[in-house]
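Written out below as structure tokens is the structure these notes cover.
The values are calculated or read from the model by the stated rules, or taken from the named source; none is laboratory data. Given the structure is predicted, the values throughout are model-derived calculations rather than measurements. As a convention, Cβ positions derive from the backbone with ideal geometry for all residues, glycine included, and neighbour counts pool all protein chains shown. Calculation scope for accessible area: heavy atoms of the full protein, side chains included, ligands and nucleic acids excluded. Shrake-Rupley method; radii C 1.70, N 1.55, O 1.52, S 1.80 Å.
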Amino acid sequence: SYPFTRVGTRAHAIFDPISADPQQQSDCAGESVPSVIWGGNPMAIVQQDGIIFMRFESGDTMRRIYLDDTLPLTVREHTITGFSTGHWEGAELRIETTHLQAGVITNRGHPMSENARLSERYWRNLDSDNLQMELIVQDPVNYTEPVTLTREFVWSEEERVQSWNCISLGPRFIEPDID
């Protein structure tokens, strides 16, 4: 169970996935953080020139984690992927994300305000090479205490993030059924 505030309880109770999910309106919409993390789609992580890029197949969503936070906070807008800074502690990647658009934590309607702050930890399981992840959501608008979620990404040497190459036929609820 989630430690909802009154606002969070109300938002969760009236959650409508059709109106809340941009991908219900257009298959080509990018997915938001953190819900894209739980989508089960392939992900690739690359570090290059002081930035870690997390690319998710679904929606061709690209996340940037800056290892050198030099921009003033007043310049940053709220976006679906927010603004993320990170650092390495040994073999563990730690990420802090702010400036997210209001939305949901997962596709089950657990609300998230634009004041939410995400703290993530990623580390590799040495026995399986799988990637472990812990997400802590701090959002006093919707939750009375931080919410902690965990996930394991299964490593597959054969898996590749494919290009999304999306062609939208309009909102999902009025699209023709195409196999």
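I'd like the accessible area for residue 28, computed on protein heavy atoms only with a 1.4 Å probe and all protein chains in place. Round to 10 Å², please.
Taking all protein chains as shown, residue 28 has close to 50 Å².
Where does the stretch 110-164 land on Rg(C-alpha)/(2.2 N^0.38 Å)? Before the final figure, lay out each step's value.
Numbers: Rg = 15.0 Å, N = 55, 2.2 N^0.38 = 10.1 Å.
The value comes to 1.48.
Measuring from label point to label point, each 7 Å out along Cα→Cβ, what is the residue 49 to residue 66 span in nm?
1.5 nm
Quote the FRET efficiency, to the nearest 0.05, computed for residue 125 versus residue 5 with a Förster distance R0 of 35 Å and r equal to the Cβ-Cβ distance.
Details: r = 35 Å, r/R0 = 0.99.
For residue 125 and residue 5, the calculated efficiency is 0.50.
Give the peptides 35-46, 126-137, 92-103, 154-165 in descending order of average Cβ contacts within 10 Å, highest first.
Values: 35-46: 16.0, 126-137: 14.1, 92-103: 18.2, 154-165: 9.6.
Highest to lowest by the protection proxy: 92-103, 35-46, 126-137, 154-165.
Would you kindly derive the ³J(HN,Hα) couplings of the stretch 103-109 from the backbone phi angles with the Karplus curve 6.51 cos²θ - 1.76 cosθ + 1.60 (θ = phi - 60°), listing them in order in whole Hz, with x for Gly and Pro?
These are the phi-based 3J(HN,Hα) values: x, 10, 6, 10, 6, 9, x Hz.
Note down the Stokes-Einstein diffusion coefficient of the stretch 76-152 in µm²/s, whole number, using a Kirkwood radius over alpha carbon pairs, 37 °C, and 0.692 mPa s.
On the way: Rh = 13.3 Å.
Translational D for this selection: 247 µm²/s.
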